[in-house]
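The structure appears below as structure tokens.
Read the figures in this text as sums done on the coordinates, not as results from a lab. Quantities reported herein were computed from a predicted structural model and do not represent experimental measurements. Methodologically, a virtual Cβ is constructed for each residue, glycine included, from the backbone with ideal geometry; neighbour enumeration extends over all protein chains shown.
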Amino acid sequence: MRIGYFCTFTPKELIHSAGFLPFRIFATRKPISLASAYIQSYACSQVRGALEVALSDEFHGFVFTRSCDTLMRLTDILEFLGKRVYNIEFPTKIGNVDYYVYELRDFCKTLESWGGEISFERVIESLALYRELEEKLKKLFEVRADYEIAIKVQQIDVSGAIKLVEKKIEEAKKEEKPKILVTGSVCPYPEIYEIFTKAGFAIKDDLCTGRRFFEFNYPNFEPHDLDSALRFLAEKYFSKAPCPTKHYPNDYRFDYLLRLAEDCEAVVFLLVKFCEPHFFDFPQLREKLEEMGKKVALIELEFPVASTEQIRTRVEALKEVIG
Amino acid sequence: MISAGIDIGSLTAKCVLLSDSKILAYKVTRVKPKIEETAREVFEETLKIANVRREEVLSVFSTGYGRSRVEFADKAITEITCHAVGASFLIPSVRTVIDIGGQDSKVISVENGRVVEFVMNDKCSAGTGRFLEVMANALHLKLEELGSIAMKAEKKITISSTCTVFAESEVISYLSSGEKIEEIVAGICDAIASRIVAMATRVGVREDVVLTGGVAKNLGVKKAIEEKLGIPVKVPEEPQIVGALGAAVLASRKKNI
């Protein structure tokens, strides 16, 4: 049974261990129709498109983790429509592990009430499987960023996903091209990434459909019971690749992004129209990146992407500017 | 050596033949649904005007939205680079290129003939040639007439709508309320200039400013942009072929940029 989730901060390990398939919902390729009855056109198209999928496909339930306001209101809409919905209150201010362990305990109870079974052994097994998938994706992306795979593995069973990534690692060949950092929220369309590679760039990313899905720092202890497994999970998600919907101590996200940009020729902000958390950070980040001597470009997206040629012109022009 | 630049835009196709830094001939045609055919035709017609055989052209570069569909081109370069190169070829002192095409508009900051930075508007038809087309249609005027009509106006009507579709309704309502046509047209030119200047401010405007693209032929728009920027704007003799010219210049250098 599929449980739909929307954000890379969702503890998919618990959904999996309970016997469900965690299925990441992205914006649809179809025109948005059903969703328009519940959500206005000036909300971002990722959320509008995701609602369209949530309403047209079969899901046993939906899990949210606190992130942007628009996504949070999607919780309300699905609840209003009588769907099985749970919102995990992921702390906006990163730091309080005890609080989040408490939240995860509640989430386990919810999964049980939805017909799932939670045990220490199964949680440990899921933790190991997802870690294997994440580490393999990291390895693959070190050779060659493959967004078709990064997107696909978020919608299939983790064991099958591991095999798929292993196969890709065998085939992957490193290409010596100038690096470009692509940052933003999500872009579930592989053809957009292809525009960058065809223009002659190797992509490094800071996206939920890329690195943010698999980049974690794992806690330094072995869980010995369910409670410590939940603590492991809380700490793991507190130290994942950061997102602008969270508050980190100091300028953690900015520093992280500037570090990623160091070996890149240019930085492209691939932002979904009306994505407030990313747009609020954009002016300051651009300033800092330009101070570093990086070329910065902003490309606005709206899903489903209607005209890729305009994006191609910008990306190719950026390549020509860099030389 | 003879080189050629072919610019397949959203509405028009342009071809320029260049020989030893001199323009031999150029041609502007309408784009047909079959881009490959359009490109071949505009190229052949330009060859005919210059009385040059195909074999004499040593290098062909393509640009514009249809650049990758020009099969016989040696290389495709974006219109952003080509407009910067073309404008620098005609007016070497250029630092800012404002290109207003049929479907998009862009502002390019140029240094020594190279692109430093650029912004593009390709999302909204307000601020492009399409805006003028829709308005000319609503006023039953020819597109080419708008500029000279605007120049006759003593004052301007303010078009408040930022959207082409709503602006068209606004224009029709001004007609119904008996406003003078030249004042409405001046208002239309002012509206497009406002969008362009807002975009140009993001890149930073440095003199000399060169206006390119089909809309540059409209004196009303040129005047409105000059008023808003507070500086004179230069327009090449044939602003529509600047992209194709840039492609021809790059083709003559036989290197990318």
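Note on A:LYS246: aspartates and glutamates with a C-alpha under 14 Å away, same-chain residues under 8 apart excluded, are A:ASP69, A:GLU89, A:GLU276, A:ASP281. Residues A:ILE15, A:ILE156 in ascending order of nearby Cβ atoms (within 10 Å, fewest first): A:ILE156, A:ILE15. Sorted fewest first by neighbouring Cβ atoms within 10 angstrom, B:SER93, B:SER68 come out as B:SER93, B:SER68. Computed over the Cα atoms of chain A, the ratio of the radius of gyration to the Kirkwood radius (Rg/Rh) comes to 0.95. Comparing B:VAL210, B:THR158, B:ALA136 along the charge dipole axis of the range B:93-235, the residue lying farthest to the positive side is B:VAL210, per the Cβ-charge model. Note on the range A:71-227: Cα-only Rg and Dmax are 18.4, 52 Å.
The Rg/Rh ratio for chain B is 1.00, where Rg is the radius of gyration of the alpha carbons and Rh is the Kirkwood radius. Summing Lys and Arg as +1 and Asp and Glu as -1 over all other residues whose Cβ lies under 13 Å from the Cβ of B:GLU154 gives a net charge of +1. 3J(HN,Hα) along the range B:77-84, derived from phi through the Karplus expression 6.51 cos²θ - 1.76 cosθ + 1.60 where θ = phi - 60°, amounts to 10, 5, 5, 5, 5, 5, 5, 5 Hz, with x in place of Gly and Pro. Taken about its Cα centre, the range B:93-235 carries a charge dipole of roughly 260 debye when the Cβ of each Lys and Arg holds +1 and the Cβ of each Asp and Glu holds -1.
Close amide H partners of B:VAL110, meaning residues 5 or more places away or on another chain with modelled amide H under 5 Å apart, are B:THR96, B:VAL97, B:VAL116. Mean residue ellipticity, 222 nm, helices only, chain A: the sum of -39500 (n - 2.57) across DSSP H runs of n ≥ 4, divided by residue count and rounded to 500, is -15000 deg cm²/dmol.
Ordered by the count of other Cβ atoms within 10 Å of each Cβ, fewest first, B:HIS83, A:HIS60 give A:HIS60, B:HIS83.
Per residue of peptide A:311-319, the mean number of Cβ atoms on other chains within 10 Å of the residue Cβ is 6. For the residues of B:72-81, the average number of beta carbons from a partner chain within 10 Å of their own beta carbon is 3. Projecting the Cα positions of B:PRO92, B:GLY147, B:ILE49 onto the charge dipole of chain B (unit charges on Cβ atoms of Lys, Arg, Asp and Glu, taken about the Cα centre) puts B:PRO92 furthest along the positive direction.
Site-free segments of chain A were taken between chymotrypsin sites (Phe, Trp or Tyr not before Pro) in DSSP loops having at most 10 other Cβ atoms within 10 Å, sites themselves excluded; the longest one is A:43-220. Computed from Cα positions, the angle between helix A:97-113 and the longest principal axis of chain A comes to roughly 60 degrees.
The alpha carbon centroids of the range A:70-138 and the range A:278-304 are separated by 31 Å.
More than 46 Å apart: what percent of Cα pairs in the protein assembly as shown qualify? Summing the P(r) tail past 46 Å for the protein assembly as shown gives 26 percent. Candidate cross-link partners of A:LYS179 among the aspartates and glutamates, defined by an alpha-carbon separation under 15 Å and a same-chain spacing of 8 or more, comprise A:GLU142, A:ASP146, A:GLU194, A:ASP205, A:ASP206, A:GLU262, A:ASP263, A:GLU265, A:GLU316, A:GLU320. Think of each Lys and Arg Cβ as +1 and each Asp and Glu Cβ as -1; about the Cα centre, that makes the dipole of the range A:104-203 roughly 340 debye. What number comes out for the charge environment of B:LYS27, summing +1 per Lys or Arg and -1 per Asp or Glu over other residues with Cβ under 13 Å away? Every neighbour counted, the sum reads -1.
With K and R counted +1 and D and E -1, the other residues having a Cβ less than 11 Å from that of A:PHE120 yield a net charge of -3.
Straight-line cross-link partners of B:LYS156 among the aspartates and glutamates, defined as a Cα under 18 Å from its Cα and at least 8 positions apart when in the same chain: B:GLU145, B:GLU168, B:GLU170, B:GLU179, B:GLU182, B:GLU183, B:ASP190, B:GLU226, B:GLU227. The alpha carbon centroids of the range A:169-226 and the range B:108-146 are separated by 37 Å. In units of the compact-protein estimate 2.2 N^0.38 Å, the range A:219-323 shows a Cα radius of gyration of 1.41. Here the dipole of the protein assembly as shown is about 1020 debye; that uses its Cα centre as origin and unit charges on the Cβ of Lys and Arg (positive) and Asp and Glu (negative). Between 0 and 90 degrees, the angle of helix A:69-80 with respect to the longest Cα principal axis of chain A falls at about 40 degrees.
Cα axis of helix B:219-229 to longest principal axis of chain B: angle in degrees, 0 to 90, nearest 10? Relative to chain B, helix B:219-229 is tipped by roughly 80 degrees. For the cross-link pairs A:LYS294/B:LYS254; A:LYS204/A:LYS236; A:LYS319/B:LYS222, which exceed 24 Å when the distance is taken from alpha carbon to alpha carbon? In this structure, A:LYS294/B:LYS254; A:LYS319/B:LYS222 lie more than 24 Å apart at Cα. Measuring against 30 Å, Cα to Cα, the residue pairs B:LYS48/B:LYS223; B:LYS34/B:LYS152; A:LYS93/A:LYS273 contain B:LYS48/B:LYS223; B:LYS34/B:LYS152 as the ones spanning a longer distance. Antiparallel beta bridges, as assigned by DSSP with both residues in the protein assembly as shown, represent about 40 percent of the total such bridges. With the charge dipole of chain A set up from +1 on Lys and Arg Cβ and -1 on Asp and Glu Cβ about the Cα centre, the Cα lying farthest toward the positive end among the listed residues A:PHE23, A:SER228, A:TYR193 is that of A:TYR193.
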